[in-house]
Amino acid sequence: MQEILNRVDWQKQELLPVIVQDVHTNEVLMMAYMNREALQLSLETKLAHYYSRSKQRLWKKGESSGHLQHIKQFLIDCDDDTLLLKVEQEGVACHTGRKSCFFTELDSGSETMAVEVDTAAAYGVIDTLYHTILERKNADPETSWTAKLLSKGENTILKKVVEEAGEFSFAVKDDDEEEIVYEAADLTYHVLVALGYKNISPDRIKQELARRFGISGIAEKASRPS
């Protein structure tokens, strides 16, 4: 196994670019990255594992959606620094529910591929909303509130976060259950916009919360850099 892993020129970069093709049609499905551990897991299991730069962790393709990629062939390029996977794709490759991640024309912005699977339930509302926010970065600010917020930049986004946090706090103080839920949703949305602006996946927040389980609040705070 180590001999195979060492065929990759890891000296150039720690993350190996990976192009993924349908083994039957040669259609390009997606592009992702593997670190050494992800490649080893992929070789051992013949199921595609990647390293997510946004989540900053390993992930198995289809771990949430069930849309696994069964690897039929590993091919490395002439410079030993890019990988091509030939896979049998269960379901769809793209988190948007499309067969391929390459469905938008660069010059016109038009979509060339229809949604085949509703992936919202599989990924959950938070992840789905976050990816929608990322997609709005390229939208017309005149047609999308999210795009307008993102176009105005950090200060405007943070003002909205502070404003919504205040409104949520007043709703709690007023003991208005319906308003608490409404304002909490507003606050969550604007926090996700701020995370999207910084390209920080909410999965990293989940990881941090998971890390804190079993650690007392006092000990956790004491462990933070001063």
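The values are calculated or read from the model by the stated rules, or taken from the named source; none is laboratory data. Predicted, not measured: the structure shown is a model, and the values here were computed from it. No Cβ is skipped: glycine too gets one built from the backbone with ideal geometry, and neighbour counts run over all protein chains shown. Remember, those area values only see protein heavy atoms, side chains included, never the ligands or the DNA or RNA. Shrake-Rupley method; radii C 1.70, N 1.55, O 1.52, S 1.80 Å.
Counting the residues of region 48-83 that are open to solvent by 30 Å² or more (accessible area, probe 1.4 Å), touching a strand residue (DSSP E or B) at 6+ places or on another chain (Cβ under 6 Å) and among the polar types (S, T, N, Q) gives 2. Q2: surrounded by 12 or more Cβ atoms within 10 Å (Cβ to Cβ) and of a type outside the set (D, E, K, R), yes or no? Answer is no for this residue. Looking only at region 1-28, residues that are at pLDDT below 95 and in a strand (DSSP E or B) come to 0 in all. Just to verify a result, which residue in region 89-113, among those that are of a type outside the set (D, E), open to solvent by 70 Å² or more (accessible area, probe 1.4 Å) and farther than 20 Å from A32 by Cα, is modelled with the lowest pLDDT? By that ranking, first place goes to S108. Reported count of residues in region 159-210, each being under 16 Å from D127 (Cα atoms) and not in a helix (DSSP H, G or I), is 4. Residues in region 42-58 that are modelled with pLDDT of 95 or more and within 21 Å of D77 (Cβ to Cβ): S42, L43, K46, A48, H49, Y50, Y51. Consider region 29-47 and keep the residues that are closer than 13 Å to L83 by Cα and not in a helix (DSSP H, G or I). The one that is most open to solvent (accessible area, probe 1.4 Å) is M31.
So, K86, is that one open to solvent by 60 Å² or more (accessible area, probe 1.4 Å), of a type in the set (D, E, K, R) and closer than 26 Å to V18 by Cβ or not? It is false that K86 is open to solvent by 60 Å² or more (accessible area, probe 1.4 Å), of a type in the set (D, E, K, R) and closer than 26 Å to V18 by Cβ. If the condition is being in a loop (DSSP other than H, G, I, E, B), hydroxyl-bearing (S, T, Y) and under 23 Å from R7 (Cα atoms), then region 50-105 contributes only T82.
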